[in-house]
Structure formats: C-alpha cells, structure tokens
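J.: Below are the structure tokens for one structure; questions will follow.
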Amino acid sequence: MKLRQKIIFLAIVPLILALCAIALAVRHQAISLGQQQRATIQAAYLASKEAELNHYVALATRSIAHLYDSGRNDQATLDQAKAILAKLSYGDDGYFFVYDMQGNNLMHPRQPELVGRNLWDMKDANGSLTIQHLIERARNGGGFERYLWTKPSSHHVAPKLGYVVPLPKWGWMLGTGIYLDDVDDALNKIDTQVSGNILSTMWWIAGIAILSALVVGASGLVLNISEHRVADAKLKVLAQRVVRSQEEERARLSRDLHDGISQWLVSIKLQVEAGIAKLDNGPQHAAAARTNFERTAGQLNDVLGEVRRISHDLRPAILDDLGLAAALGHLGQEWQAHAGTPIDFSVSGNTDDMPTVVNTVLFRIAQEALTNIARHAQAKQIVMHLQDDGQAITLTLHDDGVGFDMAQIDGNPKRGIGLRNMAERLEAVGGKLEVSSSSAGTTVLATIPRSQLKAA
C-alpha cells in the first residue's frame, strides 16, 4: 500500500469509527428516551384509568346509597341492590361485581355461571390468588389491584386493573375493573415507532458514513492526481537540472583536460622530441638535451598535480581514508594555495563516526560555498568550522566579503542554483541549510541532526 493510500485509509477509518460511535450513542439515547416516553405514557394512561375506575365505583355506591344507608340488610334489600348494580355497565367489558368476605360470588353480570360459587382458592394464569387479593385490598379500606381475568368481548385472558371498596354493613366487596390490553397495544405501538425511528436514524448515519467515505476517497484521489502531476513536474525539472549539472561537469572536465593537461602533454611531447633531436646531433649537445628533459620532468610534475586536482574535485580519496575533518582541512589548504584567501579551519567534537553519504554531502557543500565565495564574495578572510555537539553535526562557513541580496536571489529562478543544490543535498539526508548575508559578509550554516544519521 502506497503512502497516499495509507493516508487516505487513516483518514477514512477514524471517520467511520467516529460515525459508528455516534450511531451507538444515538441508538442508546433513543432507546433510553423511548423507555422514558413509554413509562411516562403508561403512568399517565394508568392514572387516567384509575381516576375513571374511582368515578365508576363512586357512581355505583351512590346508586345503592339509599338502600345501604337505610340500615336494612334483608334478602329483598340485598337482591334489589344487586339488581341495580347488575344493570350498571359501561361498554361490553365494563361491569360491577360483588363478593362476600369469604370469597363467594354474589353478582357477576357477564359471567352468571360464577354466581353462588366460592372462588376463594381460584388462581389466575400466573398462579396468583385473585379473589383473596381483592378481598384483602377491600378489608384494608379499598384500592387498586392488578390481575388476569377473562375478557367477555374476546373470551381471552387479559390483564385487568380492578378497584374494590368494602360495604361492611352488608359484608360485601364491591368492585369493577378495566382491561389493560388496549394499554399494552398502545405501548407496543410506541415501542414499534421508537424501533422504526432508531432503524431510520441508523440508516441515515450509515448513508452519511458511506457518503463521507466516498467524499474523502474522491478528495484523496483528486489530491493524489494533483500531487502526482506536481511531483512529475518537479521530477522533470530535477532531471533537467541533473542533466544540466552533468553537462556542466563534463564541460569543466573537458576544459581542464584540453586547456591544461592536453597542452602540457603537447609541450612535453615537443620537449622530448627536441631532446632526442639534440642527442642525435652528437655528444656536444647532451647538456642542452638534459636541460630539455629536466624541463619535461617539471612539466610532468605539473601534469600529475593537475590530474590529482581534477581527481580530488571529483571525489577526494582522503574523504574515504581519513574522514570529513581531514578532507575539509585539505580542501582549505588547497583553496588557500590556489585562491590566496586565508582559511581558518577548526573542528570540535567527534566527527569520525558519520555515514559516508553525510560526509560527501557536507564536503560538497563546503566546495560549493568556497566556489561561490571565489566568484562573488571578494573576501579577504574565510572561517570554516565543523562541530558535533551531541545533538547535531554543524558545518559553518563565514566570509567577510561584500554579501548579496537574499530576496533577489530567491525571486530569480535562474540565480542561486548553487544554494538550491546545497539545500537539496541536505534535505536528502534530513538536514537543513541556513544562509544569511549582508554587506559585512555571508554565513552558510549546514545542520544535520544526530537522529538522522542512522537513516542516512
């Protein structure tokens, strides 16, 4: 996987993870909100049902109040009261029932088969002693009780909320109830709606995640194409610069060979031929021939020196044999002998354990800096210092020349090629080039952190 693809992947994955976390948080909050909404609606619904039952029972007690308050408890009065209560109904499933305190059913308009039966031990589908619990509630002054009972309209067992009150003068328990299956249906509809909303939200988040991933991927693709074009353009410029540098180096070598070594070799050839001719003329010309040969030997020494100079410019052997410090010192001595400008070279710290590529880069920077000084600076004194402070390797070159305008060099692409070459060499090994110039002179500072030496 390429670097740009890794970057795009690392951009998409956190986005997807963040959206998944948001989806989980939204789902949790939606479920919690749905549960709270269900509990609130259930409480409000039940409160309204309880108030409704309370009103029904109050209506029933008022309908028989004239009989109950009369103080009579004969069978005729009781039968009359049961008849009145049996006629009171509200809907198909709304009715009143009467039990005595021993669990005997005295009146049940919807299930007459229960009348006269003792239901004290009757249990519902959950195993709860329904009649005992209702009578216990009545003995405690009345109240609400939940239980399961057969719904008359559907003939199916359904949850029911009952409300009972005692009639102590007659030894009765009067009650009624409302079936809660419609409440459960309403609450189930709420649960279904909440689940649907959660699912819809999850789909929206999934769509946003997919769309975001596609946008990031497309943006990365566009950026990749753009960066690729820019990189290609830079590569072409760099390739042209490399070719130009190679041609310049070849031209320089050609000039050195043609203007220096070639002419000297021609002169040597002529001197040798002249000496041979003098020897052919007889022993009396031996002294003159010797002079020619001695001059030829001196010229050969000059040729050998020129060959060493050219070889040293290409790559000094001392750089590989003795290290950077020795090579820079030798470079300074040759420069001083050739250009006549004094160079004060010094070293501090341990600079012997650096990689070959770092030594080469710093040596080439020193060569380029000295070349620029010779061409433009008009300097009278040069200071070159190589330092290792444990954190970084630093090469400093300072001259007291006329300096130059940094802004003008940076704004003109045809100028400052040497500075750009030095900066690019340093960037290749993780280093940094800093150049400052004024009328008081120019300082070139090349720094390579110690942490970059292993990578180099």
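J.: If you go through segment 306-361 one residue at a time, how many are on the phi > 0 side of the Ramachandran plot and either in a helix (DSSP H, G or I) or modelled with pLDDT of 85 or more (or both)?
T.: So the count comes out to 1.
J.: In segment 140-151, what residues are crowded, with 16+ Cβ neighbours inside 10 Å and of a type outside the set (A, V, I, L, M, F, W, C)?
T.: 142, 145, 147, 151
J.: Additional query: So, in segment 155-181, exactly how many residues are over 20 Å from residue 139 (Cβ atoms) and out of contact with any strand residue (DSSP E or B) (no Cβ under 9 Å at 6 or more places or on another chain)?
T.: Going through segment 155-181 one residue at a time, the tally reaches 1.
J.: Something else: All but one of (1) part of a loop (DSSP other than H, G, I, E, B); (2) crowded, with 20+ Cβ neighbours inside 10 Å; (3) hydroxyl-bearing (Ser, Thr, Tyr) hold for residue 163; state the number of the condition that does not hold.
T.: Condition (1) is where residue 163 drops out.
J.: Let me ask another. List the helices (runs of 4 or more DSSP H) inside segment 31-139, counting only whole elements, that have at least 1 residues being without any contact (Cβ under 8 Å) to a residue 60 or more places away in the chain, open to solvent by less than 60 Å² (accessible area, probe 1.4 Å) and of a type in the set (Ser, Thr, Tyr).
T.: Those helices (runs of 4 or more DSSP H) span 75-87, 130-139.
J.: Still on this model: Scan segment 370-396 for residues that are under 43 Å from the mean Cα position of the chain (by Cα) and over 17 Å from residue 452 (Cβ atoms) and jot them down.
T.: 396
J.: From 216, 194, grab the single residue that is hydrophobic (A, V, I, L, M, F, W, C), open to solvent by less than 40 Å² (accessible area, probe 1.4 Å), touching a residue at least 40 places away in the same chain (Cβ under 8 Å) and assigned to a helix (DSSP H, G or I).
T.: 194
The values are calculated or read from the model by the stated rules, or taken from the named source; none is laboratory data. On a predicted model such as this, the values are computed, not experimentally measured, just so you know. Every residue, glycine among them, receives a Cβ derived from its backbone with ideal geometry; neighbour counts consider all protein chains shown. Just so you know, the surface numbers come from the protein's heavy atoms only, side chains and all, with ligands and any DNA or RNA stripped out. Shrake-Rupley method; radii C 1.70, N 1.55, O 1.52, S 1.80 Å.
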